[in-house]
Amino acid sequence: RDDPQMPQVGQIIEPHTTEVGSFRVLRVIYSGPFSDVYLLGKKTNVNEKFAMKVERQVGNIRPVLKLDVFVLREMNTQTGFPRFIGAGQTPYYKYCIMELLGPDLSKLRRSLDAKKFSTTTALQVCIQTLQRLETLHDHGLLCRDVKAPNFAIGLESRASIIYMLDFGFARKYKDKNGVLMKPRPAAALMGTFLYAPMASHKREEQCRRDDIESWFYMACELLKGTLPWAHLYGVERHQLILEWKQFIRGSGRKEFLRGLPQQFDHILERIDSVSFFDRPDYRYLISQLMFAAEQLSIDLKAPLDWQKNKRLVRKAHWVGELGESNMASDLMRENSDLSTANDVTPVDVETWRVWDS
Ligand SMILES: Nc1ncnc2c1ncn2[C@@H]1O[C@H](COP(=O)(O)OP(=O)(O)OP(=O)(O)O)[C@@H](O)[C@H]1O
């Protein structure tokens, strides 16, 4: 941010595509290890706001903005994907301008006193996030970093829509003829340890099922609170996190699922039965969530927690960053002090205390 070559507040940004016009940099929204995100206003009307993700041209250990631009362009007209506005580069940085969104689901959840959403909100969020994954997958793309910080709410009239963000780990799983690509013999450990699918822990190629497996961990966290392995520092303990994920499929299953709608048992069973080339049965998973809502007399059209409590959105802006998408293998190689990789405060670990004793 102190680098004068990088965008500065007040500066005018003029994307190469002339039809989108010019923008003024208003402030920094996020400053991370791999990218910075800025708030922009239209030069002609600063009240018309946008977000701009920026990545350095030189010295960036994980250049991904090209991927973000590719996916946003590909998904541009789809519900729940930020509208792509324009992109460009200077000798110092690349940038991508897109629709401005509200806070992410992780910040919203951690802004609540109970650190979990109401069941009404959590189930609606679970359904919408699954629908986003279905859309992404049906466009031939995998996310490979499904987690609450990568979903954000829309602004104002779009506050009930959950958007998918951050495609830095996306990958095509079909070739140009639409044929499913064969798995490579080994793949990098990708994504975020907390939610990584077991295949990723084992350095196997990921498939659609693996995004849905990560979605499942996220869904459990949204409904029940912080995951029981959240306190483990993934860089050093990722093998133990894998063992946790295996344990909840064996003797730990009942305890793990306690307090969640009973349909979560069927959901996990169905996810685990999907093989590498299969299309997950999104319809079945969504119908199970709807069935859970029906049994709990939940109205799936009811206002969401942040629509009922406007303070929550303001509070979420103050909650710290969490769970950056650090490429696990890079972290381990560097063995640096990036201890935020799995930086979850075990505030509501209480819920899962049974395993600590
Ligand atoms: N369109 C947007 N509108 C509002 N905020 C955004 C938008 N895009 C990104 N952000 C904010 O910037 C943060 C980082 O964005 P993103 O996850 O795309 O970048 P990243 O470099 O991959 O970050 P990380 O590695 O931490 O996941 C998001 O968590 C969100 O708070």
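Coordinate-derived values only; no laboratory data. Computed from a predicted structure; not experimentally measured. FYI the Cβ positions are ideal-geometry reconstructions off the backbone, even for glycines, and counts take in every protein chain you see.
Taking the charge dipole of the chain about its Cα centre, with +1 at Lys and Arg Cβ atoms and -1 at Asp and Glu Cβ atoms, the residue from LEU240, LEU189, ILE267 reaching farthest to the positive side is ILE267. The fraction of all Cα pairs in the chain landing in successive 20 Å bins from 0 to the largest distance is 29, 60, 11, 0, given as whole percents. The stretch between HIS16 and TYR233, if pulled fully straight at 0.36 nm per residue, gains 73.8 nm over its current Cα-Cα span. Taking every alpha-carbon pair under 8 Å whose residues sit at least 6 apart, region 41-173 reaches a relative contact order of 27 percent. For the chain, the mean residue ellipticity at 222 nm estimated from helices alone is -9500 deg cm²/dmol, where every DSSP H run of n ≥ 4 contributes -39500 (n - 2.57) and the total is divided by all residues, rounded to the nearest 500. Straight-line reach from LYS43: taking Cα to Cα under 27 Å and skipping same-chain neighbours fewer than 8 places apart, the lysines in range are LYS53, LYS66, LYS94.
Quick check on region 135-294: take the gyration tensor over C-alpha atoms, sort the square-rooted eigenvalues as a ≥ b ≥ c, and tell me if it's rounded (a/c under 1.5), prolate or oblate. Cα axes put region 135-294 in the rounded bin. Taken over region 220-284, the alpha-carbon convex hull comes to 113 cubic angstrom per residue. Here region 93-185 was treated as a single set of alpha-carbon atoms; its pair distances binned every 10 Å from 0 give 14, 40, 29, 14, 2 percent. Subtracting the Cα-Cα distance of GLU294 and ASP278 from 0.36 nm times their residue separation leaves 2.9 nm of extension gain. Anisotropy class assigned to region 25-114 is rounded, per the alpha carbon gyration tensor with a/c under the 1.5 cut-off. Structure note, pairs LYS147/LYS310; LYS224/LYS254; LYS147/LYS182; LYS116/LYS301; LYS116/LYS315: Cα-Cα distances above 21 angstrom occur for LYS147/LYS310; LYS147/LYS182. Summary value for the chain: 16 percent relative contact order, contacts being C-alpha pairs under 8 angstrom separated by 6+ residues.
Label sites at ARG203 and GLU48, each approximated as a point 7 angstrom past Cα along Cα to Cβ, lie 5.1 nm apart. Charge dipole of the chain (Cα centre as origin; +1 on each Lys and Arg Cβ, -1 on each Asp and Glu Cβ, all else neutral): 460 debye, rounded to the nearest 20.
Can you name the helices of the chain, as whole DSSP H runs, whose Cα span along the helix axis is 27 Å or more and whose Kyte-Doolittle mean is not below -1.0?
Going by DSSP H runs, the hits are 119-138.
A Förster radius of 22 Å, combined with the Cβ-Cβ distance separating ARG27 from ALA114, puts the computed FRET efficiency at roughly 0.10. Straightening the chain between LEU240 and ARG311 buys 21.8 nm, computed as 0.36 nm per residue apart minus the Cα-Cα spacing. Sequence-distant contacts, meaning Cα pairs under 8 Å at least 6 residues apart, place the relative contact order of region 117-176 at 35 percent.
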